[in-house]
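Colleague: Got a structure here, written out as structure tokens. Questions coming.
Values quoted throughout were computed directly from the atomic coordinates according to the rules given, and no laboratory measurement underlies them. As the structure is a prediction and not an experimental result, all values here were calculated from the model. Every residue, glycine among them, receives a Cβ derived from its backbone with ideal geometry; neighbour counts consider all protein chains shown.
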Amino acid sequence: MLKTPLTHTIRSCLSSRLRSVQQRTTAISAVRFYSPLPRGSRSPANRTRIAYERGQYQHPEPESNYTYTYASTGAVPNPNGVITESDGIYRILSEPTLVIERQMEMMNVFLGFEQANQYVIMDALGNRLGFMMERDLGFVKMMMRQIYRLHRPFLVDVFDNAGEHLMTIRRPFSFINSHIKAILPGFQNEDDGVIGESVQSWHPWRRRYNLFKAEETDDFNQFGAIDAPFLSFDFPVRDENGIVIGSVDRNWVGLGREMFTDTGVYIIRMDPASFAGMQSYYPEVGGPLTLDQRAVLLANAVSVDFDYFSRHSNRGGLIDFGPE
């Protein structure tokens with residue numbers, strides 16, 4: 001084949017272009033591109049979930065300083081407790097981890113109109129276990145919600161998927177510190193069914209609660225305390241020795257939902273198995289919590305939602321309704 005000047009010129013151009021592409025490819029492969037994770041993905045729980053979905057998650061081996069004071073075998077202790085295996089709430093509280101999602105209130109979003117709260121209860125895999133619903137007692141109760149807003153008294157009932165009443169969470173009117181009780185139904189005298197209580201402790205900026213379990217007498221025994229920093233989304237429960245025995249963590253659900261809706265997702269950890277992969281955050285973990293203690297922590301999650309994350313009630317909706 002004869003090499004004409006035109007053919008030689010074309011081959012030279014193609015060879016030069018190929019060398020240029022190879023050099024650019026080599027330069028690109030040497031650069032590592034990072035994409036910022038959304039805020040929710042930075043939390044330990046969400047990083048673990050994302051790794052699991054990508055097939056990259058490996059169950060960590062317990063470190064030497066990772067303390068298990070009770071083997072997580074699925075059996076939940078409840079010495080001298082109010083809740084027994086025959087109670088319907090037993091099935092839900094036997095889960096090591098609960099996920100609570102507050103449902104969207106459309107009238108709150110568009111009108112700033114305070115509606116009765118509703119929550120869905122799920123396990124760690126997203127299977128629905130039951131739901132919680134604030135009692136709506138008619139027109140007077142509706143007006144009280146608009147006037148008292150976050151300070152209002154309320155009764156929140158816990159149900160299973162079949163609609164069976166399992167437990168009641170009660171809070172009287174609260175001007176500063178909320179005081180919530182977990183109550184087991186079926187007692188002629190409601191005070192006989194009190195499982196325990198969560199009492200908010202005032203502080204100018206920290207988020208504090210004291211958790212108590214009811215005893216056989218009229219006394220309450222404190223089993224844990226929450227002392228979370230300013231604007232914290234995580235509420236670890238510590239015993240008298242400072243060891244974490246449980247936690248209520250609020251998950252970030254996206255900028256749009258956080259700004260324009262009154263919804264929220266809470267992770268309730270009640271067993272050492274719930275803290276797997278979080279040793280750097282919680283080097284010592286005790287537990288598991290007893291059934292009665294878990295009931296109090298579930299009530300505390302409702303208190304946390306009202307006290308710190310239901311602020312849209314005071315801001316009004318897209319069209320303001322009612323007093324600020």
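Colleague: Using Cβ contacts closer than 10 Å as the measure, can you line up T97, T290, T84 from fewest to most?
Modeller: T84, T97, T290
Colleague: Now a separate question. Could you pull out every residue, at least 5 positions away or on a different chain, whose amide H is within less than 5 Å of the one on G224? Hs are placed 1.01 Å off N in the peptide plane, and Pro or chain starts have none.
Modeller: L211
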